[in-house]
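Asker: Dumping the structure here so I can ask a few things about it.
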């Protein structure tokens, strides 16, 4: 058997760890060949690939990003995209494809499966919004970055008696904002799933001052909305139809209104792509190892059209069709309510 592997969509920590797991499981456990397609779906459309050996994955476990490269390329938007993919897979004698990425990437994998090609998925996105799995590779690494940032902002916020706004990633789901905010001890967390009134935040900040708490830290997910704060009508979109959230400047708009309505000195920090970079957290390394091994087992057992999942500390599998239908996965409101206790 000869396997193919690609990493699609946005990068995150732990992709290399997953590639390493898949390659080692393929070469050692199954004694099969494996090739890596470069730059996500673009590489498969354009037939850009490299053979993968034990030497290629040696030492990549702690390295962020992906040695295969990635892109937001969508075969649906490329001329004869799926036909070219099928031709290239056939030309290279690839028997099955393992796809790492978020729900957009898994959606393309589902279409390829529907066309009759054997596909297996692995969830990998720092947003943690892929359905049917408790956690996706890259999530906890991003949370560590956010929690560390909140810790550091405490120092300058307390020194200057400021309100600090921290804008983090999260288009439709506030997993990173919520976990990072709880871990760092944020004084308010704004996520896309819960409609937040600016007046509630303002009253909370004023009450903290009355209690002698002269600084506050607010974590805001970039996809969040507030009725009192209009955001720019962004028209620039990627190939999957998603707008550039950084152009909305939600954090800056919240910060400006907070300073205007309270008189408290306010500063804004946008973490941006720092959340994606650096060495993966220990949890993500282990998760990548387990999901990568499971994906190769699924190929061997001909469990195609499915994605490896992590649920209740068990590694299982679920149909990609259901995964896509249940994505984006929203934050548990119960957990959000618990976070409010610590405000």
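The values are calculated or read from the model by the stated rules, or taken from the named source; none is laboratory data. Keep in mind that this is a model prediction, so the values were computed, not measured. When we count neighbours, we look across all protein chains shown, and the Cβ atoms used for this are built from the backbone with ideal geometry, even at glycine.
Asker: For the stretch 243-260, what are the residues that are in contact with a helix residue (DSSP H, G or I) (Cβ under 8 Å, 6 or more places away or on another chain) and surrounded by 16 or more Cβ atoms within 10 Å (Cβ to Cβ)? Show your work before the answer.
Answerer: Initial filter on the stretch 243-260 (in contact with a helix residue (DSSP H, G or I) (Cβ under 8 Å, 6 or more places away or on another chain)): 246, 254, 257-258.
Once the filter is applied, which keeps residues that are in contact with a helix residue (DSSP H, G or I) (Cβ under 8 Å, 6 or more places away or on another chain) and surrounded by 16 or more Cβ atoms within 10 Å (Cβ to Cβ), the stretch 243-260 yields 254, 257, 258.
Asker: It is to be established whether one or more residues within the stretch 218-235 are in contact with a strand residue (DSSP E or B) (Cβ under 6 Å, 6 or more places away or on another chain) and in contact (Cβ under 8 Å) with a residue 60 or more places away in the chain.
Answerer: Yes: the stretch 218-235 contains one or more residues that are in contact with a strand residue (DSSP E or B) (Cβ under 6 Å, 6 or more places away or on another chain) and in contact (Cβ under 8 Å) with a residue 60 or more places away in the chain.
Asker: Name the single residue, out of those in the stretch 330-343 being part of a loop (DSSP other than H, G, I, E, B) and touching a helix residue (DSSP H, G or I) at 6+ places or on another chain (Cβ under 8 Å), that is nearest to residue 132 (Cα to Cα).
Answerer: First pass over the stretch 330-343, keeping only residues part of a loop (DSSP other than H, G, I, E, B): 330-332, 342-343.
Filter once more, keeping what is touching a helix residue (DSSP H, G or I) at 6+ places or on another chain (Cβ under 8 Å): 331, 342-343.
On the way: 331: 13, 342: 29, 343: 31 Å.
Looking at the filtered set, the residue picked out is 331.
Asker: So, residue 58, is that one at negative phi and within 26 Å of the chain's Cα centre (by Cα) or not? Show your work before the answer.
Answerer: Values: at negative phi: yes; within 26 Å of the chain's Cα centre (by Cα): yes.
Against the criterion (at negative phi and within 26 Å of the chain's Cα centre (by Cα)), residue 58 qualifies.
Each row is one residue, and each column tells you yes or no for (1) at pLDDT 95 or above; (2) under 13 Å from residue 335 (Cα atoms); (3) assigned to a loop (DSSP other than H, G, I, E, B).
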position: 154; (1), (2), (3): yes, no, no
position: 157; (1), (2), (3): yes, no, no
position: 167; (1), (2), (3): yes, no, no
position: 172; (1), (2), (3): no, no, yes
position: 181; (1), (2), (3): yes, yes, no
position: 186; (1), (2), (3): yes, no, yes
position: 189; (1), (2), (3): yes, yes, no
position: 193; (1), (2), (3): yes, yes, yes
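Conditions tested, residue by residue: (1) outside the structural domain of residue 239 (by TED's automatic domain parsing); (2) touching a strand residue (DSSP E or B) at 6+ places or on another chain (Cβ under 8 Å); (3) crowded, with 21+ Cβ neighbours inside 10 Å; (4) under 25 Å from residue 275 (Cα atoms).
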| site | (1), (2), (3), (4) |
| --- | --- |
| 15 | yes, yes, yes, yes |
| 18 | yes, yes, yes, yes |
| 34 | yes, yes, yes, no |
| 40 | yes, yes, yes, yes |
| 44 | yes, yes, yes, no |
| 51 | yes, yes, no, no |
| 56 | yes, yes, no, no |
